[in-house]
Every structure is written in C-alpha cells, then in structure tokens.
1. If you go through segment 108-131, how many residues are part of a loop (DSSP other than H, G, I, E, B) and surrounded by fewer than 17 Cβ atoms within 10 Å (Cβ to Cβ)?
2. Among the residues of segment 191-216, which ones are under 18 Å from Asp60 (Cα atoms) and either more than 20 Å from the chain's Cα centre (by Cα) or not small (Gly, Ala, Ser) (or both)?
3. Show me the helices (runs of 4 or more DSSP H) found entirely inside segment 5-95 where at least 3 residues are closer than 21 Å to Met119 by Cα.
4. Here are some residues: Leu93, Leu78, Leu46, Leu58. Which one is crowded, with 21+ Cβ neighbours inside 10 Å and either assigned by TED's automatic domain parsing to the domain that holds Thr130 or more than 19 Å from Cys17 (Cα to Cα) (or both)?
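The values are calculated or read from the model by the stated rules, or taken from the named source; none is laboratory data. The structure presented is a predicted model; accordingly, all values stated were derived computationally and were not measured. Every residue, glycine as well, gets a Cβ built from its backbone with ideal geometry; the counts of neighbours run over all protein chains shown.
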Amino acid sequence: MIKFFEKLLGLIYTQQCYFCRSTKYDTLICPECRKKIHFMPESVFLKINSCCVYTAVLYDDIIKRLIKGLKYNNKKQLAKLHAEIMYEYWQRLNIKDNFIILPVPIHKSRLKERKYNHMDLVAEEFKKYTNYNISKNFLIRTKDTKKQYNLHRDERIKNLKNAFDINEKNLIDKEAKLLIIDDIISTGATLGEIIKILKEKGYTNITAFTLSTPDIWN
Ligand SMILES: [Zn+2]
C-alpha cells in the first residue's frame, strides 16, 4: 500500500518533459528535446533602421510549442525556459553593455483577456540571468492589432502602423541602452514600429533580441 502511494506521489511530482512527456529526467525539457533546438549564428541577424536585431534560435517544432504554451495556454513556467534559451545565446555574443529591457507590450484589451503579457514574464526571468533592469510600462500598445500570423507581409506592416507609443510619465534617460525583447521575428514589422517610435522620441541606443525566427530571409 505504501509503495502504491509512493508511486502515485512520484507520478504527481516528477516533472515531465513539456515537449515529449518523458519523465526520465525530471526537467521541463529533457536533453533529447533540447538537442532539437537550433541556435542561430552568433552575429547580427538583421538591422532595422540601423539598430541591431539578434535572434537566438530557429522557430521550429519545440520553440513553436514553447511560445504557444506560454502565450495562449497559461503555461507560465515556460517563461523561464524561454529566457534561459535566450540567455544561452546572449552569452555567446559576449556583449558587455548594460541594458534596460523593454518587453514588447500587448494591448490592454488583450491583457484583460490573457491576464498577463508573456513577454513581461520572460523579461523578469531574463533579468535574473543578466541583471539588466526592466521597464515594463514604458512602451505601450495603442492599437489592438489583429492577429499577425494569417496576414501577408504588406498587411502585417499596415496592421502594425503606429501601433505603439511611449508612456511620457515613465521616461527613460535618452542615453540609456535599450533592449527590446520579443518571442519571434518574422517580417520585422513589430520591431520596426517600436524602433521608429523610440527614435522619434530621441532614443538612439536601441538593440532588439528575439527568441526565434522562421528564418524567411536566409
Ligand atoms: Zn523531451
């Protein structure tokens, strides 16, 4: 009987791999699934408005499920893994600057629906690794944009036009090094709009970093 309960407890408390459900390693991601993550080369992925954009990994099956789980399925524990993968890549770049992290914001109506902005959670976890500060309420999403994934490139750009602003009550020093973070870069329209507004407001030192890319340019 005791054995039975021990077994039952074991089943409850052993961490499953989120991706393949294996309980062999008691981790959120098992070594086999981790091996399937493809890191990007350690260089600038692209420049938007002369700002460097880095991206850590390819948007393939594991990453797709990670982002989906964190964003839509309330799996908040995936924020740590999201940040950990970003940090693994970030370390390789050997950038010594001290940044202020700006998570890409979601519109307040979407925040109401989802209860949290997943990139805020990732920023908190990324901060633990880097010791950078975060400014969560600096960028604001002024437009409740349509979901991007079923739109074509031109539609995405149009959809996001003037979708962001900055909170004048929460100003950051103009000399600060800003690090915009997001989960995925596809057309670059989101980051492009954010960089545009930051530049308009006089910020010049801007870098962007995303977890992943579907790699449509290369
Ligand atoms: Zn696994």
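1. Residues in segment 108-131 being part of a loop (DSSP other than H, G, I, E, B) and surrounded by fewer than 17 Cβ atoms within 10 Å (Cβ to Cβ): 3 in total.
2. Within segment 191-216, Phe209, Thr210, Leu211, Thr213, Pro214, Asp215, Ile216 meet the criteria.
3. Here the list reads 61-72, 78-93.
4. The match here is Leu78.
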